[in-house]
Each structure stands twice: as structure tokens, then as C-alpha cells.
Amino acid sequence: MAARLEPPIPQHSTEGKPMSQIINLQANHVNSANAESIENKLGWIRRRSDRQFINPDSLLDHLQERSARSTTDLRENAEIEVIANDQPRTMDEMNAVTMLVNGQELDFSHWSFGQLCQLAKAPAGFLRSLPGMLVRDNLDYALKHNREVEQVKLYHDDTHLRAITGPKYGRVDDAEVVEAVQTILDGGRWVPAEKHMGLRVSDRSLNMFLIDRENPIVIGKAPNGADDIMWRGLRISNSEVGYSSLKVEGFTFRDYCLNGCIFGMRESETIHIRHSLNAPHRWAREVQPAIERYANQDAITFVQAVEAAQSAKVADDNDKALAWLNNRGLTAKQARAAIERVQVEEGRDPRTAWDMVQGVTAIARKVAHVEERADLERIGGKIFERVAA
């Protein structure tokens with residue numbers, strides 16, 4: 001029988017090194033005095049917190065400054081060099097992974113590391129469980145042997161690698177989106193939803209949650225006896241690093257429980273614009289009529305939709321409520337948490353579509369990152385839409 005051919009050992013192999021240098025004992029442990037630097041170096045493992053802004057002007061200033069520092073490079077696969085420490089002295093050094101670009105070491109974000117793994121056809125979750133030197137060796141090998149397209153497009157500043165995409169990716173700058181939004185929302189009617197997610201920038205997207213402060217909608221009485229007030233709003237989102245397209249969605253916010261729900265604009269008016277030249281300005285022209293129609297919807301229609309959800313019985317007991325939520329995309333753990341939230345905040349067991357919406361959007365409040373929270377709030381919105389149609 002012919003001898004089995006083994007792939008060549010990577011140049012930076014850990015073969016022959018002691019296990020203390022190649023086993024990742026505690027990837028999330030930070031033991032350096034320079035916590036900010038370590039957090040950047042470990043960004044590929046642990047996603048950093050979203051950054052929140054108090055008003056559109058401060059958001060725009062940040063995005064313009066970030067854009068001015070950023071640049072795009074086209075590189076061959078063979079030119080990509082992942083850096084790790086072969087002789088780490090601390091756990092943090094063992095887990096540090098960077099990329100060398102133009103002679104400068106750049107820190108990965110959680111998102112850009114995942115992109116590199118996807119381009120290399122390597123499992124990001126598994127690699128995040130390994131020490132840096134093994135991550136480097138696996139990616140070096142995968143990029144040279146698994147990737148068919150020869151080029152990648154890098155988007156970075158002097159210290160951070162923000163995105164790694166295919167060579168044909170078209171970028172829409174976040175700052176241009178905020179500028180376009182200001183032209184169509186000028187006048188002060190739409191303001192950041194401060195009690196919700198407000199204005200946020202993460203490692204993968206821009207999100208603007210705005211509410212129409214001039215038109216509160218009373219939908220009845222809240223469990224505490226006060227008027228149950230909801231606000232019509234907008235979620236405007238974009239990603240200049242390949243996470244999603246530029247879009248606007250309807251959004252509602254309930255004062256009593258601080259729950260948000262992505263709902264209100266008809267699917268035909270939820271505007272998506274693919275990334276291309278002049279996309280923000282084209283998007284602004286197309287979305288303004290939809291926003292005006294949405295903002296001018298009769299409040300009575302919205303109250304009737306709430307009443308329809310409140311009267312739509314979907315479960316006879318908690319076991320059926322659990323199964324009902326499972327069938328709509330929640331895990332068993334999430335479904336149980338949603339049921340508990342309804343019991344605590346609404347003072348009853350969940351039986352109606354309205355209860356389910358409140359439970360789903362309540363557990364969304366505990367989600368740290370804006371994209372995952374929006375995904376849950378979109379599930380709540382779809383429940384709402386089915387009974388309100």
C-alpha cells in the first residue's frame with residue numbers, strides 16, 4: 001500500500017514545544033496592567049463592547065475621524081502574515097494574534113478575525129479556542145492551500161484591522177450614512193432612543209435607533225396603572241466592513257418596560273440598498289417617502305394592531321407557550337427566559353401574541369451587542385405582524 005502523503009509542517013510549527021506553550025489555559029484572562037492594549041490584542045477572541053453616542057453630531061465626528069485614519073489595501077493571499085509569539089511569557093502573550101500590513105502589526109477585531117477565517121475556510125470558533133501560535137500556523141496553511149481567489153481587500157487604520165473582504169467588495173462609509181440621515185430627519189422630530197439602544201457603533205455595524213418624540217401613542221393601561229405609551233421609531237443601520245447592507249426598518253419602543261420591537265414599516269417599505277457608488281444619497285432619496293408614510297400612519301391603526309395581538313391566543317399553558325416560541329426561532333433557554341419575563345413584568349403567564357412579543361423583546365434587553373439584540377427584536381416584530389395584518 002502506498003505511503004500516506006502528509007501536508008508539510010508549517011514554518012512556525014509548534015512541533016517539539018512543551019505543552020505549556022501550546023495549550024490555551026484561559027483565553028479570556030487579562031493579567032497586564034495595560035488593559036486597553038491587551039483588550040485590543042485579544043479582540044479576535046473576545047468581542048469588545050459597542051460604543052454609544054449621545055447625539056448625531058458626536059457620532060458623525062467620531063465616524064469622520066475614523067474614516068480619515070482608514071485606508072484600503074489589496075493583497076495577495078501569500079502576502080498575508082499572521083503574527084503570534086513563539087516564546088510567550090504570559091497567558092496574554094500566548095493568546096495575542098495580529099496581522100502584519102505594510103510593516104505594521106494590526107490588531108484584529110472580533111469581526112475581522114472571523115472574516116479572515118471565513119476567507120481561509122477555517123472554523124473561527126475552533127481557532128478562538130487555540131493559543132496564538134496554533135492560530136497563526138493554521139491560518140497560514142489554510143490561506144495558501146484552501147483559498148481559490150488570490151486577492152483580499154483589507155480595510156484598516158494604523159492600529160486596527162477592521163475588515164478583510166473579497167477584492168470586489170464595495171464599501172459605504174458610515175459617516176456618509178449619518179450625513180444622509182441628517183438631511184432627511186432634520187427638524188428635531190426624530191431623536192435618539194436613549195432609553196433603548198440609541199446611537200451605537202460596534203466592530204461590525206452602525207445603528208441609529210430614533211423615535212418620533214412629537215407623537216406618543218397610548219395603547220391602554222400598563223400593569224402599574226399608568227398610561228401604556230409606545231413610540232414609533234426607526235432603526236437605520238449600515239456596515240462598512242461587510243456585515244450587512246444599508247437599510248431602514250420600523251421600530252417601536254414601549255415606555256413601561258423599555259422593550260423595543262422592530263415592527264411598523266411594511267416589508268415593501270423596509271429599504272435595503274446594496275453597497276455601491278453614491279449609495280447613501282440614493283438611499284436617502286428612496287427612503288424619505290417611506291419614512292414620511294410610516295411617520296404619518298394613523299395612531300388608531302397602531303392601537304388596533306396592539307389590540308389584535310392582545311386578543312390573539314396562541315397557547316393554553318406554559319408548555320405550549322415554550323413550544324410556540326421554539327417554533328419561531330428561540331432556543332429552549334431563550335423561550336423559558338421569555339416566559340419568566342412575562343410573568344415578572346406583565347404579572348401573568350404568557351398566552352397571547354402580545355405576551356410573546358413582550359417576552360421576546362424583554363430578553364433582548366439583556367443582550368450586550370446591538371446586532372444580536374436587533375435579531376431578537378425582529379422576531380418579536382414578526383409575531384406582531386402576523387396577528388396585525
*Could you list, in sequence order, all residues of the range 335-353 that are crowded, with 18+ Cβ neighbours inside 10 Å, of a type in the set (S, T, N, Q) and part of a helix (DSSP H, G or I)?*
none
*Regarding I80, is this residue modelled with pLDDT under 90, over 23 Å from K168 (Cβ atoms) and more than 21 Å from the chain's Cα centre (by Cα)?*
no
_Number of the exception - E385 against (1) at pLDDT below 95; (2) of a type in the set (D, E); (3) outside any helix (DSSP H, G or I)_ = (3)
_Exclusive hit being of a type in the set (S, T, N, Q) and within 29 Å of I262 (Cβ to Cβ), set S129, S202_ = S202
*Which ones in the range 219-238 are more than 19 Å from R293 (Cβ to Cβ), among the aliphatic types (A, V, I, L, M) and in contact with a helix residue (DSSP H, G or I) (Cβ under 8 Å, 6 or more places away or on another chain)?*
I219
*Can you spot a residue in the range 1-20 that is more than 18 Å from T165 (Cα to Cα), at pLDDT below 90 and open to solvent by less than 40 Å² (accessible area, probe 1.4 Å)?*
yes
*Does at least one position in the range 186-199 carry a residue that is small (G, A, S), closer than 30 Å to L161 by Cβ and at pLDDT 90 or above?*
yes
_Matching residues in the range 147-172 - criterion: being part of a loop (DSSP other than H, G, I, E, B) and modelled with pLDDT of 90 or more_ = D157, D158, T159
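Could you tell me whether R162 is within 24 Å of E240 (Cβ to Cβ), open to solvent by less than 40 Å² (accessible area, probe 1.4 Å) and basic (K, R)?
yes
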_Residue list for the range 180-192, filter: small (G, A, S) and open to solvent by less than 40 Å² (accessible area, probe 1.4 Å)_ = A180, G188
*Consider I211 carefully, then state whether it is of a type outside the set (D, E), at pLDDT 90 or above and either under 18 Å from R365 (Cα atoms) or touching a Cys at 6+ places or on another chain (Cβ under 7 Å) (or both).*
yes
*Name the helices (runs of 4 or more DSSP H) wholly inside the range 42-144 in which the number of residues that are farther than 30 Å from Q182 by Cα and open to solvent by 60 Å² or more (accessible area, probe 1.4 Å) is 1 or more.*
110-120, 124-127
_Based on this model, can you work out whether K195 counts as surrounded by 13 or more Cβ atoms within 10 Å (Cβ to Cβ), out of contact with any Gly (no Cβ under 8 Å at 6 or more places or on another chain), closer than 24 Å to T361 by Cα and not polar (S, T, N, Q)?_
yes
*For the range 63-88, how many residues meet the condition of being without any contact (Cβ under 8 Å) to a residue 24 or more places away in the chain and either at positive phi or among the aliphatic types (A, V, I, L, M) (or both)?*
1
*Selection within the range 290-338 - farther than 22 Å from I217 by Cα and over 25 Å from the mean Cα position of the chain (by Cα)*: K313, V314, A315, D316, D317, N318, D319, K320, A321, L322, A323, W324
*Residues in the range 356-376: is at least one modelled with pLDDT of 95 or more, over 27 Å from S244 (Cα atoms) and either touching a helix residue (DSSP H, G or I) at 6+ places or on another chain (Cβ under 8 Å) or surrounded by fewer than 17 Cβ atoms within 10 Å (Cβ to Cβ) (or both)?*
yes
*Failed criterion for L330 (all others in (1) in contact (Cβ under 8 Å) with a residue 60 or more places away in the chain; (2) open to solvent by less than 50 Å² (accessible area, probe 1.4 Å); (3) outside any helix (DSSP H, G or I) hold)*: (1)
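Please tell me if V177 is part of a helix (DSSP H, G or I) and either touching a residue at least 60 places away in the same chain (Cβ under 8 Å) or open to solvent by less than 30 Å² (accessible area, probe 1.4 Å) (or both).
Yes, satisfied.
The values are calculated or read from the model by the stated rules, or taken from the named source; none is laboratory data. These figures come from a predicted structure and were not determined experimentally. FYI the Cβ positions are ideal-geometry reconstructions off the backbone, even for glycines, and counts take in every protein chain you see. Each accessible area value is taken on the protein alone, full model and side chains, heavy atoms only, with ligands, DNA and RNA left out. Shrake-Rupley method; radii C 1.70, N 1.55, O 1.52, S 1.80 Å.
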